[in-house]
Amino acid sequence: FFKQKTAYEIHERLVGSEMCIRDRPKLLLDHAKRRGDRPANRHKNFGIWQSWTWSEVSKEVRNLACGLAKLGFKRGDKLAVIGDNRPRLYWSMVATQALGGIPVPLYQDSVAEEMVYVLENSDAKFAIVQNQEQTDKLLEIKDRLPHLEYICYEEPRGMRDYTPVSYTHLTLPTTPYV
């Protein structure tokens, strides 16, 4: 007689075994090692599919983590992540976890006033945003966010006239993002 196991029973059996990887950064490294050249992420940009292998994603996450560390990101720090569902924003969450930090994702369609409560209570010191629209929202409420030190953005369009005192652009291909 075959007894069907529930997902909970399978999970309980795997926890503590070598087969169980408990955090995303380690899981990413494992996938990069086992499936390095296979597709990990795909994203359609201007009608064209972009693809990243597990090895490429691992390198991107490492670069993001190095860039955040260079800016002073430490274990326990919080990183606000605001934008559409885009690979680099997800990678920033894994980079944050790799550094022992806590990602704080927010909806990209939230108005600035809706973001204040979450950002105030999370004490986020860093933010990674998709574009000028998200940057402007944070700048609008910056005076109420005393912990926010850096805003890093992915898309440079519209950011030409901004003073780069505490803004960092995220599109360097193979070097740390600082």
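The values are calculated or read from the model by the stated rules, or taken from the named source; none is laboratory data. These numbers come from a predicted model, not from an experiment. Methodologically, a virtual Cβ is constructed for each residue, glycine included, from the backbone with ideal geometry; neighbour enumeration extends over all protein chains shown. Heads up: the accessible areas ignore ligands, DNA and RNA and are worked out on the full protein's heavy atoms, side chains in. Shrake-Rupley method; radii C 1.70, N 1.55, O 1.52, S 1.80 Å.
Side notes on the structure shown:
- Residues in region 92-118 that are farther than 27 Å from Arg22 by Cα and either small (Gly, Ala, Ser) or open to solvent by less than 20 Å² (accessible area, probe 1.4 Å) (or both): Ser110, Ala112, Met115, Val116.
- Within region 69-82, residues that are open to solvent by 30 Å² or more (accessible area, probe 1.4 Å) have Cβ atoms under 8 Å from residues that are among the basic types (Lys, Arg) in these pairs: Lys78/Lys125, counting only partners at least 6 apart in sequence or on another chain.
- Residue within region 89-101 that is at pLDDT 90 or above, in a helix (DSSP H, G or I) and farther than 26 Å from Ile141 by Cβ present: yes
- Answer residue from region 31-58, given it is open to solvent by 80 Å² or more (accessible area, probe 1.4 Å) and aromatic (Phe, Trp, Tyr) and is farthest from Cys152 (Cα to Cα) among those: Trp49
- Count of region 135-156 residues which are modelled with pLDDT of 90 or more, open to solvent by less than 70 Å² (accessible area, probe 1.4 Å) and in a loop (DSSP other than H, G, I, E, B): 2
- Checked against (1) at pLDDT 90 or above; (2) under 30 Å from Leu139 (Cα atoms); (3) among the charged types (D, E, K, R), Arg38 passes all but a single condition, namely (2).
- Of all residues in region 119-131, those satisfying the criterion of being part of a helix (DSSP H, G or I) and open to solvent by 60 Å² or more (accessible area, probe 1.4 Å) are Glu120, Asn121.
- Any chance Val61 is closer than 24 Å to Asp30 by Cβ, open to solvent by less than 20 Å² (accessible area, probe 1.4 Å) and without any contact (Cβ under 8 Å) to a residue 60 or more places away in the chain: yes
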